[in-house]
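Peer 1: Structure incoming, see below.
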Amino acid sequence: MAISKILIVDDSATDRFYLTDILESEGYQVVALESGEACVERAAEINPDLIIMDIIMTGLTGFQATRTLTKDPVTAKIPVILCSGKLQVTDHSWAEKMGAKACVQKPIPREELKSIIAKIA
């Protein structure tokens, strides 16, 4: 699967900017949203090749949004990477149960992000 368009979902403008800067410098087209609700509502329309989503957000969490996306036949095949600045041991297994392909600590170092994307592609 070739990855060219990536959807970033994070309620932190700083984190959205950080990831957008890294990904655009690597040649990816980036779309950024501020909430899990916006992601669930717009993912099919945006049709990204990958979603990178924060876990801890106001309203719909990254876990809940990922579960909703993986249950919908229209968005079920879009891989999701979950991330959090407050990652806990149980988050990895919970992310997997929700359908995420990876769960990583923020801020995600450039090389680690590139490696994860390469494994998903």
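The values are calculated or read from the model by the stated rules, or taken from the named source; none is laboratory data. The structure displayed is predicted, hence computed values, not measured ones. Glycine also receives a Cβ, built like all others from the backbone with ideal geometry; neighbour counts cover every protein chain displayed. Surface accessibility is based on the protein's heavy atoms, side chains included, excluding ligands, DNA and RNA. Shrake-Rupley method; radii C 1.70, N 1.55, O 1.52, S 1.80 Å.
Peer 1: Figure the gain on full extension for V31 and E96 (residue separation times 0.36 nm, minus the Cα-Cα span) and round it to one decimal in nm. Please report the intermediate quantities before stating the final value.
Peer 2: Numbers: separation 65, 0.36 × 65 = 23.40 nm, distance 2.39 nm.
Length gained between V31 and E96: 21.0 nm.
Peer 1: Follow-up. As a quick test, which of the pairs K77/K106; K71/K106; K5/K97; K86/K119; K77/K97 have an alpha carbon distance above 22 angstrom in this structure?
Peer 2: K77/K106; K71/K106; K5/K97; K86/K119, as the Cα separations exceed 22 Å there.
Peer 1: While we're looking at this one, here's another question. Using just the Cα positions, wrap the chain in a convex hull and report its mean projected area in square nanometres, one decimal place.
Peer 2: With every direction weighted equally, the projected area is 6.4 nm².
Peer 1: Picking from P79, P109, P48, which is most flexible by a Gaussian network model of the chain using Cα springs under 10 Å?
Peer 2: Among P79, P109, P48, the largest GNM mean-square fluctuation belongs to P109.
Peer 1: First check a/c for the stretch 42-96, with a ≥ b ≥ c the square roots of the eigenvalues of its C-alpha gyration tensor; if it is under 1.5, answer rounded, and if not, answer prolate when a/b is larger than b/c or oblate otherwise.
Peer 2: Judged from the Cα gyration tensor, the stretch 42-96 comes out prolate (a/c at least 1.5, a/b above b/c).
Peer 1: Next question. Could you identify which residue out of V74, V104, V40 has the top mean-square fluctuation in a GNM of the chain using Cα springs shorter than 10 Å?
Peer 2: For the chain, modelled as a Gaussian network with Cα springs under 10 Å, the answer is V74.
Peer 1: Also: As an exercise, use a Förster radius of 22 Å and the Cβ-Cβ distance of F17 and R110 to find the FRET efficiency, rounded to the nearest 0.05. Walk me through the intermediate numbers first.
Peer 2: Values: r = 14 Å, r/R0 = 0.64.
The value I calculate is 0.95.
Peer 1: Another one. To the nearest 10 square angstrom, how much accessible area does Y18 have with a 1.4 angstrom probe?
Peer 2: Looks like 80 Å² after rounding.
Peer 1: Mind giving me the nanometre distance, one decimal, between the label points for E41 and I3, set 7 Å out from Cα along Cα→Cβ?
Peer 2: In this crude spin-label approximation the distance works out to 2.7 nm.
Peer 1: Let me ask something else about it. Starting from the Cα coordinates of the stretch 1-64, work out the convex hull volume and express it per residue in Å³.
Peer 2: Measuring per residue, one finds 74 Å³ for the Cα hull of the stretch 1-64.
Peer 1: Could you state how much accessible area D15 has, in square angstrom rounded to the nearest 10, with a 1.4 Å probe and all protein chains kept in place?
Peer 2: Approximately 40 Å² of D15 is accessible to the 1.4 Å probe.
Peer 1: Distance between Cα centroids, the stretch 79-119 to the stretch 1-36: provide it in whole Å.
Peer 2: The distance from the Cα centre of the stretch 79-119 to that of the stretch 1-36 comes to 14 Å.
Peer 1: Treating only the Cβ atoms of Lys and Arg (+1) and Asp and Glu (-1) as charged, compute the dipole magnitude of the stretch 60-121 about its Cα centre; round to the nearest 20 debye.
Peer 2: Working: 10 positive and 5 negative charges, 15 e Å.
Computed about the Cα centre, the dipole is about 80 debye.
Peer 1: Here is a follow-up. First measure r as the distance between the Cβ atoms of A121 and V74, then evaluate 1/(1 + (r/R0)^6) with R0 = 22 Å and state the FRET efficiency to the nearest 0.05.
Peer 2: 0.55
Peer 1: At 222 nm, what helix-only mean residue ellipticity would the chain give, in deg cm²/dmol to the nearest 500, using -39500 (n - 2.57) for each DSSP H run of four or more?
Peer 2: Numbers: 5 runs with 55 residues, N = 121.
About -14000 deg cm²/dmol.
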